[in-house]
1. Compute the projected area of the convex hull of the Cα atoms of segment 10-133, averaged over all viewing directions, and report it in nm² to one decimal place.
2. Please identify which residues in segment 25-41 have an amide N closer than 17 Å to a label point set 7 Å out from the Cα of T135, following the Cα→Cβ vector.
3. How much mean residue ellipticity at 222 nm does the chain get from its helices, if each DSSP H run of length 4 or more adds -39500 (n - 2.57) and you divide by all residues, to the nearest 500 deg cm²/dmol?
4. Calculate one ³J(HN,Hα) per residue across segment 75-84 by plugging θ = phi - 60° into the Karplus curve 6.51 cos²θ - 1.76 cosθ + 1.60, and present them in order as whole Hz with x for glycine and proline.
5. Taking θ as phi - 60°, what are the ³J(HN,Hα) couplings along segment 20-32 by the Karplus curve (6.51, -1.76, 1.60), each to the nearest whole Hz, with x for Gly and Pro?
6. Using a Gaussian network for the chain with springs between C-alpha atoms less than 10 Å apart, which of these wobbles most: V54, V95, V44?
7. Can you work out ³J(HN,Hα) from phi for every residue in segment 136-145, in order, using Karplus 6.51 cos²θ - 1.76 cosθ + 1.60 and θ = phi - 60°, giving whole Hz and x for Gly and Pro?
8. Let me check I've understood the local charge: for V50, count other residues with C-beta under 15 angstrom from its C-beta, Lys and Arg +1, Asp and Glu -1. What total comes out?
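Read the figures in this text as sums done on the coordinates, not as results from a lab. Predicted model only: the values in this text are computed from it and were never measured. Neighbour counts are summed over all protein chains in view; Cβ atoms, including those assigned to glycine, are modelled from backbone coordinates with ideal geometry.
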Amino acid sequence: MNLTWRHLPAPAREIAAATVDAVEAVRERDVEAHERATARLAGVEHAGLVLGSVVRLLLEETHPDGLGSDDVRRVLERCVRAATSWQPGVDPHVVLVLLAGALGVYDPDGDDSPPDPAALARHAPLLVADLLAVTGRPVEGYLGVAFAEIERTERHD
């Protein structure tokens, strides 16, 4: 784990460690490690907020000129196709919810079947790893920025 996370509260450190483990499991296509790490993520409050921030940061970096509907479709298709080969239960709707949530356009009240936190935790690392493959950078830096943005927002609210 990145030493800059030592100052964070225990739940935030757990989110960071579980995210790093889950993304590594996705890269290695290790089903058991992925299940363990995502179960940890599902059990920590605010993991979705952090993962959503990481996804947003990655989308902004990989689409610096803005993100159109065709871009969202391509990201969704690429992520689902890559995951299906080793995660046959991948649900495109959950990945779409993650994308829409990261972009601030998801309304759970308008969704007839909103995904539960466990499904979101299982799918978020798939999306993060897919976007990281485009950037070629490690997840730790994005986690650091996400935590800093969340902290800044909480201070100003």
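1. Numbers: hull surface 28.6 nm².
Over every viewing direction, the Cα hull of segment 10-133 projects on average to 7.1 nm².
2. What the label zone holds, given the 17 Å backbone N cut-off, is 25-27.
3. Working: 7 runs with 111 residues, N = 157.
Calculated at 222 nm, the ellipticity per residue is -23500 deg cm²/dmol.
4. 4, 4, 4, 4, 5, 5, 4, 5, 7, 4
5. After applying 6.51 cos²θ - 1.76 cosθ + 1.60, I find 4, 5, 5, 5, 5, 4, 5, 4, 8, 6, 9, 4, 5 Hz.
6. Highest fluctuation of the listed residues: V44.
7. Karplus values, whole Hz, x for Gly and Pro: x, 10, x, 5, 4, x, 5, 4, x, 5.
8. On the way: positive: R13, R40, R56, R152; negative: E14, D21, E45, E140, E149, E151, E154.
Combined, the nearby Lys, Arg, Asp and Glu give -3.
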